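A quick write-up on the structure given underneath.
The values are calculated or read from the model by the stated rules, or taken from the named source; none is laboratory data. Keep in mind the model is a prediction, meaning the values are calculated, not measured. Reconstructed Cβ throughout: ideal geometry from the backbone, glycine too, with neighbour counts over all protein chains shown.
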Amino acid sequence: MAEFLSLHDAVARYVEDGATLAMEGFTHLIPFAAGHEVIRQRKRDLTLIRMTPDLLYDQMIGAGCAKRLIFSWGGNPGVGSLHRLRDAVEKGYPYPVEIFEHSHAAMACAFEAGAAGLPLAVLRGYVGSDLPKVNSQIKFIECPFSGERLAAVPSIRPDVGIVHAQRADRRGNVLVEGIVGVQKEVVLAAGRSIVTVEEVVDDLAAGPNACVIPAWAIDAISVTKHGAYPSYAHGYYPRDNAFYKAWDAIARDRDAFDVWLQDNVFTQGDDT
Amino acid sequence: MSDRYTAAEMMTVTASRALSNGSTCFVGIGLPSEAANLARLTHAPEVVLIYESGTLQTKPDVLPLSIGDGELCETALTTVSVPEMFRYWLQGGHVDVGFLGTAQIDRYCNLNTTLIGDYREPKVRLPGGGGAPEIATNAREVFITVKHSTRTFVEAVDFVTTVGFGRDGTARDGVPNIGRGPTRVITDLCVMKPDAETKDLVVISLHPGVTREQVREATGWEIRFAEVLESTPEPDDNELTILRELKARTDRHHAGGQAADQTDRGSKA
């Protein structure tokens, strides 16, 4: 049953060094505030999982939280590279990061299979691609009924899943609106889940087919206003495209990044 | 080249004309998105645009900066989860055209968006595959639009992120439930199509004012030309006006797309 915790306490309780951690949100509802809390608590040796690492994992990798990354598209959308990720992959700074690279279809299927409690996902994918040559997580199997050759990837069942959503009711039921990505899949696939929300309301006002995650499927809820900024929260605030563009210059330079981290992460948060 | 339009406009308009009205198109970000929306705003008002963020039948007023911009969701018929997008709508066989860009392309239309150099020691690390590997095999056919240069059009891609016809042109042979693959490549110089037999790219149409020599110089292999080489039709005034308005709207939107209550937040989260 969902317990309302401060972001600090939720991360301190559930995210351990060495954990596999999936923080999702497909361009929309990226849990930046939670990621910054992970950085502040100096978590180390994490296996980070996200379809699009985005600025969030660029920041967490640059801050030294990660030893491994599982992903399917590692750019700054509409802008260019993720320079902290590249520095880690190309030069091992601040630490080497081992990468397992997929396609979106495979990762989406792997999250869904994780939510379904299955050990693997099957898809009609990776035909003719070199990705299976460099990622040992991609195999091919034969359909026992048709004989068709299909791709198989291990399901994603992270130790901890973190997502951001618009709102929770007072019992801890959560409503996700807009681009829902793999939000529900991550929560259900994870051993422990933390959901940050913009606000708590008396009534979710959810339609019968809305994307609602019940309180009893969530471990912790942290009320975190602007928790997805500089990505966006549909109905609350827009994506800060100017910041995504400005990030390029910050992330290109190790010193500029360290200054940014100090000013915007380490000196922020519950306990400052 | 004309003083009425730029080479980039020629490319976008030509790419937009490739999309037929009523077709269903899975759209990549960047040039494909620009072309697909121009098609929707001109000759193909009933074209169905799908983006991998789960936005089905979307009609954005401005071009998205990212694949998951709120604009795509707000103007969509409906928005589904990302697993549903890839499993039901793409793999399930509901997409006519996958419209892709790329960093590198070779004579067999293999696409590389992963890296330049060696995988374990890359010279330049690129973003990776995203949706493209499965768009290219599960859509009925694939259009590719990209600026023409020897950096992009290479003899052999450093990495096959997304298959065209494989290293020898036969990667789709005998594979069940696979799309036709790339059927045209539109650049700022010309239009190319894979040879029906060998699958290597052949220039079928030169844009007005472009010479064979220019195409040869911008291509990293000995490119073939069709026996009957056509001249690509020029953009008309309506297409140019709508394209320029779309781009101006987009620039204004992304420059001022920040809510007033966040301007004082700077880079803080």
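The set of residues in region B:112-147 that are within 23 Å of B:A15 (Cβ to Cβ), facing another protein chain (nearest Cβ under 10 Å) and assigned to a loop (DSSP other than H, G, I, E, B) comprises B:T113, B:L126, B:P127, B:G129, B:G130, B:G131. Checking B:G220, B:G179, B:G129 one by one, the residue that is crowded, with 17+ Cβ neighbours inside 10 Å and within 14 Å of the chain's Cα centre (by Cα) is B:G129 and no other.
Against the numbered list (1) under 25 Å from B:P235 (Cα atoms); (2) crowded, with 24+ Cβ neighbours inside 10 Å, B:L72 comes up short only at (1). Kindly check whether there is at least one residue in region B:99-111 that is assigned to a loop (DSSP other than H, G, I, E, B), among the acidic types (D, E) and either in contact (Cβ under 8 Å) with a residue 12 or more places away in the chain or closer than 23 Å to B:V47 by Cα (or both). Yes: one or more hits. Look through A:I61, A:I30, A:I39, A:I70 and report the one residue that is in a strand (DSSP E or B), closer than 30 Å to A:G178 by Cα and not assigned by TED's automatic domain parsing to the domain that holds A:A110. Residue meeting the stated conditions: A:I70. Suppose the filter is at pLDDT 95 or above, buried (at least 19 other Cβ atoms within 10 Å of the Cβ), in a loop (DSSP other than H, G, I, E, B) and within 9 Å of chain B (Cβ to nearest Cβ); does A:M51 pass it? Considered against the rule, which asks whether it is at pLDDT 95 or above, buried (at least 19 other Cβ atoms within 10 Å of the Cβ), in a loop (DSSP other than H, G, I, E, B) and within 9 Å of chain B (Cβ to nearest Cβ), A:M51 comes out as yes.
Rundown of residues vs (1) more than 28 Å from A:D159 (Cβ to Cβ); (2) touching a residue at least 12 places away in the same chain (Cβ under 8 Å); (3) in a helix (DSSP H, G or I), yes/no style:
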| position | (1), (2), (3) |
| --- | --- |
| A:K184 | no, yes, yes |
| A:L188 | no, yes, yes |
| A:E198 | no, yes, no |
| A:I221 | no, yes, no |
| A:A228 | no, yes, no |
| A:G235 | yes, yes, no |
| A:Y244 | yes, yes, yes |
| A:I250 | yes, no, yes |
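Kindly evaluate A:V182 against the criterion of being more than 16 Å from A:G35 (Cβ to Cβ), under 20 Å from the mean Cα position of the chain (by Cα), crowded, with 18+ Cβ neighbours inside 10 Å and not assigned by TED's automatic domain parsing to the domain that holds A:G117. The answer is yes for A:V182. Looking only at region A:124-155, residues that are buried (at least 22 other Cβ atoms within 10 Å of the Cβ) and in a helix (DSSP H, G or I) come to 1 in all.
The set of residues in region B:4-47 being more than 16 Å from the chain's Cα centre (by Cα) and without any contact (Cβ under 8 Å) to a residue 24 or more places away in the chain consists of B:T6 alone. The lone criterion from (1) in contact with a His (Cβ under 8 Å, 6 or more places away or on another chain); (2) within 25 Å of B:H94 (Cα to Cα) left unmet by B:L41 is number (1). Of the strands (runs of 3 or more DSSP E) lying entirely inside region B:11-86, those containing at least 3 residues that are within 14 Å of chain A (Cβ to nearest Cβ) and farther than 28 Å from B:T232 by Cα are B:55-58, B:76-79.
Right, A:G78: surrounded by fewer than 22 Cβ atoms within 10 Å (Cβ to Cβ), facing another protein chain (nearest Cβ under 9 Å) and not in a helix (DSSP H, G or I) or not? Yes, satisfied.
Of the residues in region A:149-165, how many are in contact (Cβ under 8 Å) with a residue 24 or more places away in the chain and within 30 Å of B:P176 (Cα to Cα)? Residues flagged as in contact (Cβ under 8 Å) with a residue 24 or more places away in the chain and within 30 Å of B:P176 (Cα to Cα) within region A:149-165 amount to 7. What about A:A121, is it more than 8 Å from chain B (Cβ to nearest Cβ), at pLDDT 95 or above and either surrounded by 22 or more Cβ atoms within 10 Å (Cβ to Cβ) or not in a loop (DSSP other than H, G, I, E, B) (or both)? Spelling it out, A:A121 is indeed more than 8 Å from chain B (Cβ to nearest Cβ), at pLDDT 95 or above and either surrounded by 22 or more Cβ atoms within 10 Å (Cβ to Cβ) or not in a loop (DSSP other than H, G, I, E, B) (or both). Considering each residue of region B:110-122 in turn, at least one proves to be at pLDDT 95 or above, buried (at least 18 other Cβ atoms within 10 Å of the Cβ), farther than 21 Å from B:S66 by Cβ and under 15 Å from the mean Cα position of the chain (by Cα).
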